[in-house]
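The values are calculated or read from the model by the stated rules, or taken from the named source; none is laboratory data. The structure presented is a predicted model; accordingly, all values stated were derived computationally and were not measured. So basically every Cβ, Gly included, is an ideal-geometry build from the backbone, and we count neighbours across all protein chains shown. Side chains included, ligands, DNA and RNA excluded: accessible areas come from the protein's heavy atoms. Shrake-Rupley method; radii C 1.70, N 1.55, O 1.52, S 1.80 Å.
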Amino acid sequence: ADTTWGLSTTGVAGPGGGTDEKPVGLVFVGVAYAAPWETGDSFSRSVRAVLDGDRDAIKAASAERALAALARTIREIRSDTAGVDDGSQPM
């Protein structure tokens with residue numbers, strides 16, 4: 001897709017579909033970073049959470065968590081590369 005960042009959510013928002021193993025409110029948020037080619041710095045990570053509320057609240061909270069995770073990861077990448085002159089424009 002020629003992108004640098006990927007963001008995903010999945011889970012059980014309800015109201016049905018939950019089980020003891022996968023209850024309503026269980027969500028996973030994923031963030032992936034495609035670093036410059038051949039640097040070996042690309043990665044993906046995921047976080048598991050159990051959220052409260054009805055379907056709309058769970059969907060909203062999972063979206064908020066996903067965006068917060070993306071913002072946090074972008075800040076980490078920026079701080080890790082601060083002061084490194086790779087010839088690119090500042091982010």
Efficiency of FRET between ALA63 and GLU21 - r from beta-carbon atoms, R0 25 angstrom, step 0.05: 0.55
Rounded to the nearest 500, what is the 222 nm mean residue ellipticity of the chain from helices alone, with -39500 (n - 2.57) per DSSP H run of 4+ residues and division by all residues? -10500 deg cm²/dmol
Relative to the first principal axis of the alpha-carbon coordinates of the chain, what is the inclination of helix 55-81, with its axis defined by its Cα atoms, in degrees from 0 to 90 and to the nearest 10? 20
For a label point 7 angstrom out from the Cα of ILE77 toward its Cβ, which stretches of the stretch 1-29 have the backbone nitrogen within less than 18 Å? 1-9, 29
How big is the equivalent ellipsoid of the stretch 9-59 along its three axes, where each semi-axis is √(5λ) from the Cα gyration tensor, reported in whole Å from largest to smallest? 31, 10, 7
Tell me, what is the 1.4 Å probe accessible area of THR19, in Å² to the nearest 10? 80
With the chain treated as a Gaussian network of Cα nodes joined by springs under 10 Å, which of ALA35, ALA13, ALA66 yields the largest mean-square fluctuation? ALA35
Two-decimal Rg to Rh for the chain - Kirkwood Rh, Cα set: 1.11
Considering the dipole of the chain built from charges on the beta carbon (Lys and Arg +1, Asp and Glu -1) around the Cα centre, which of ALA35, VAL24, THR73 is farthest to its positive end? VAL24
Most to least accessible of VAL47, VAL24, VAL29 (protein chains only, probe 1.4 Å): VAL47, VAL24, VAL29
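Can you tally the net charge around ILE58? Count Lys and Arg as +1, Asp and Glu as -1, for every other residue whose Cβ sits under 15 Å from the Cβ of ILE58. Display every interim value, and only then the final one.
Working: positive: LYS22, ARG48, ARG55, LYS59, ARG65; negative: ASP52, ASP54, ASP56, GLU64.
Net charge in that neighbourhood comes out at +1.
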Answer in debye to the nearest 20: the dipole magnitude of the chain about its Cα centre, from +1 Lys/Arg and -1 Asp/Glu charges placed on Cβ, is 280
